[in-house]
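Working notes, structure below.
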Amino acid sequence: MFGGLPPIYSSEAPEIELDAYVSVYLEQEVKLEAHVRNLSPFSRFLKSAAMNNGELINYANVANDSGVPATTVREYYGILEDTLLGIVLEPWVESKKRKAIQTSKCYFFDPGVCHYILGTRHLDRNSNLWGKAFEQFICMEIRAYLSYFQKRKTLRFWRSINKQEVDFIIGDEVAIEVKSAKKILSKHLLGIRALKEEKIIRKFYLVSEDRIDRKHEDVSILHWTSFLAKLWGGEII
């Protein structure tokens, strides 16, 4: 709910800490460093971007929500990246059997910051927001690992024009699908099955809240704690 920033995670008043964090970010990073004089449009953009966290970027829709031109929205997404508040993932477009989309995604760097911007006060375990936060958490762990160990591997995602999708692809080697389900079913493997037919990626993982680690159809199905242990142990990439 409140994310993983150390001062906030350990705070007895995380909402107050988050409020201070976002306020300082707007004043120091955006206004002073990025030279955005009028913070009101950027604040509206932040909320719209948070609503679309982990989704394909639609500049026109975000522009309509924010009340600013689409060209300004593009600049604002650049500010998110430059100030490290967000990361933009490019699509993996190497698939041949299924044409891939060309649109990017953006993730906020911390779920707690995203929830604060949205005004989220409660995170329902069965909600779509929970699933998005779980996916965001795994994304940030993968990114942190690649950065910490200086792995020169791109982190991307794959989505076909027919909406088959795999959440994360590392280089051209590892595909990772994230599901917040407590029990993994055959339907959860649809995106990975489609990607496997391309015969490019060599390792496939499905990360979830299912506590039974196993291998099925050459896909390693791992509880998220097992996945993180393998990731930071150098067994994934």
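The values are calculated or read from the model by the stated rules, or taken from the named source; none is laboratory data. Source: prediction; values computed, not measured. We place every Cβ from the backbone using ideal geometry, glycine too, and count neighbours over all the protein chains shown.
Quick notes on this one:
- One residue from 66, 11 being closer than 30 Å to residue 124 by Cα, at pLDDT 75 or above and hydroxyl-bearing (Ser, Thr, Tyr): 66
- Restricting attention to the stretch 48-73, the residues that are assigned to a helix (DSSP H, G or I) and out of contact with any helix residue (DSSP H, G or I) (no Cβ under 6 Å at 6 or more places or on another chain) total 6.
- Restricting attention to the stretch 74-94, the residues being in contact with a helix residue (DSSP H, G or I) (Cβ under 8 Å, 6 or more places away or on another chain) and assigned to a loop (DSSP other than H, G, I, E, B) number 2.
- Hey, residue 137 of a type in the set (A, V, I, L, M, F, W, C), touching a helix residue (DSSP H, G or I) at 6+ places or on another chain (Cβ under 7 Å), in contact (Cβ under 8 Å) with a residue 60 or more places away in the chain and in the same structural domain as residue 197 (by the TED database) or not: yes
- Cβ-Cβ under 9 Å pairs, at least 6 apart or on other chains, the stretch 209-225 side under 13 Å from residue 188 (Cα atoms), far side in a loop (DSSP other than H, G, I, E, B) and of a type in the set (Lys, Arg): 209/179; 209/182; 209/183; 210/179; 210/182; 210/183
- Elements of type strands (runs of 3 or more DSSP E) in the stretch 109-192, at least 1 residues being of a type in the set (D, E, K, R), under 17 Å from residue 88 (Cα atoms) and within 17 Å of the chain's Cα centre (by Cα): 155-159, 165-170
- Hits in the stretch 195-223 (condition: surrounded by fewer than 19 Cβ atoms within 10 Å (Cβ to Cβ), in contact with a strand residue (DSSP E or B) (Cβ under 9 Å, 6 or more places away or on another chain) and of a type in the set (A, V, I, L, M, F, W, C)): 212
- In the stretch 76-92, residue farthest from the chain's Cα centre (by Cα) [restricted to those that are in contact (Cβ under 8 Å) with a residue 24 or more places away in the chain and loosely packed, with under 15 Cβ neighbours inside 10 Å]: 82
- The residues in the stretch 113-128 that are closer than 17 Å to residue 182 by Cβ and either crowded, with 19+ Cβ neighbours inside 10 Å or among the aliphatic types (A, V, I, L, M) (or both) can be counted, and the count is 1.
- Looking at 178, 73, 68, just one residue is surrounded by 13 or more Cβ atoms within 10 Å (Cβ to Cβ), closer than 23 Å to residue 213 by Cβ and in contact (Cβ under 8 Å) with a residue 24 or more places away in the chain, and that residue is 178.
- Tally, over the stretch 80-98, of residues that are farther than 15 Å from residue 139 by Cβ and not polar (S, T, N, Q): 6
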